[in-house]
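Structure, as structure tokens:
The values are calculated or read from the model by the stated rules, or taken from the named source; none is laboratory data. Keep in mind the model is a prediction, meaning the values are calculated, not measured. Here the Cβ positions follow ideal geometry from the backbone for every residue, glycine too, while neighbour counts run over all protein chains shown. SASA here: full protein model, heavy atoms, side chains in, ligands and nucleic acids out. Shrake-Rupley method; radii C 1.70, N 1.55, O 1.52, S 1.80 Å.
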Amino acid sequence: MTIRAIEPDQHRAARVVGVLYLLTMATGVFGLLYARGRLIVGDDAVQTAANIVASERLYRLAIVSDLVTLAGVTVLVWALYVALKPINRNLALLAALLRLIGTAVAAASVASALVALQLLSGTAFLRAFDTQQLQVLARVFISGQRFGSQVDFVFLGLGSTVFSCLWFQSRYIPRALSALGILGSLMLAIGGLAILLFPILEDVLTIAYMMPLGVFEVILGLWLLFKGVRAPVVG
């Protein structure tokens, strides 16, 4: 029986992963549930528009929170690649590319939120539209960001599945935790695809299909932050 050595870069990258899992989870939840959740009212375009106009700073804070989250996720993906590439460089690269595609889509969809804000700004060139038309258009662009998030979830789930398989193979963390990551990642990818195919499922599934991966990321973040990765015994 021998112990497979872990490179110093892997130890450092694992700590970065731990910090960023927790940080991006916090900023993501803040933007989605607290800031945006207080402003967007279902399919009520008029009330949503009134809320955004009345709390423009909070809406802008949600957008900034989204961008901070996406920047953090980009660094997180790089750190995951560094930590896991000795296990299988090609699979680690595939996982990173899948995650970065989803992040790019999510970043592009943030522009929809900014367009919605512009439509409600009262700018002179928008006077060709009446108020209700602008409110409806703003709600359409807000929905555009939500659709972008669903596409992101598909690629996030696929990339996270590959990363979780590498965690499982590496034995750097408990295999039960890696298995939770595989399960949660697959649920997110499949749930995202199902909602894109059958939109009514969004109200049925709510956030249930996201929760297992969220739990995995929080636990893994804490594990890597305080315990780091352990050298596996092979033989």
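Annotations
- So V68, is it more than 20 Å from G228 (Cα to Cα), under 15 Å from the mean Cα position of the chain (by Cα) and assigned to a helix (DSSP H, G or I): yes
- Lone qualifier among L114, L98, L93, L126 - being surrounded by 15 or more Cβ atoms within 10 Å (Cβ to Cβ) and at pLDDT 90 or above: L98
- Residues being among the charged types (D, E, K, R) and either open to solvent by less than 80 Å² (accessible area, probe 1.4 Å) or at pLDDT 95 or above (or both) - total across segment 190-235: 2
- Residue check for Y209: part of a loop (DSSP other than H, G, I, E, B) and within 30 Å of D44 (Cβ to Cβ): yes
- Condition check for L180 on (1) buried (at least 18 other Cβ atoms within 10 Å of the Cβ); (2) within 16 Å of the chain's Cα centre (by Cα): one failure, at (2).
- Checked against (1) under 18 Å from G37 (Cα atoms); (2) modelled with pLDDT of 95 or more, Q150 passes all but condition (2).
- In segment 20-30 there is no residue matching the filter, namely being in contact with a Leu (Cβ under 8 Å, 6 or more places away or on another chain), closer than 18 Å to R146 by Cβ and part of a helix (DSSP H, G or I).
- Check on R175, within 26 Å of V16 (Cα to Cα), open to solvent by 50 Å² or more (accessible area, probe 1.4 Å) and either among the aromatic types (F, W, Y) or out of contact with any Pro (no Cβ under 9 Å at 6 or more places or on another chain) (or both): yes
- Inter-residue pairs, beta-carbon under 8 Å, first touching a residue at least 40 places away in the same chain (Cβ under 8 Å) and in segment 68-92, second among the charged types (D, E, K, R) and open to solvent by less than 50 Å² (accessible area, probe 1.4 Å), 6+ apart: V73/R99; V77/R99; L80/R99
- Filtering R139, R146 for residues that are assigned to a helix (DSSP H, G or I) and buried (at least 18 other Cβ atoms within 10 Å of the Cβ) leaves a single hit, R139.
- Inter-residue pairs, beta-carbon under 8 Å, first touching a residue at least 60 places away in the same chain (Cβ under 8 Å) and more than 17 Å from G157 (Cβ to Cβ) and in segment 199-225, second part of a helix (DSSP H, G or I) and open to solvent by 60 Å² or more (accessible area, probe 1.4 Å), 6+ apart: G221/V19; L224/R15; L225/R15; L225/V19
- Here Y81 passes the criteria (1) open to solvent by 60 Å² or more (accessible area, probe 1.4 Å); (2) closer than 30 Å to D9 by Cα; (3) aromatic (F, W, Y) except the one numbered (1).
- Residue list for segment 28-49, filter: open to solvent by 30 Å² or more (accessible area, probe 1.4 Å) and among the β-branched types (V, I, T): V29, I40, V41, V46
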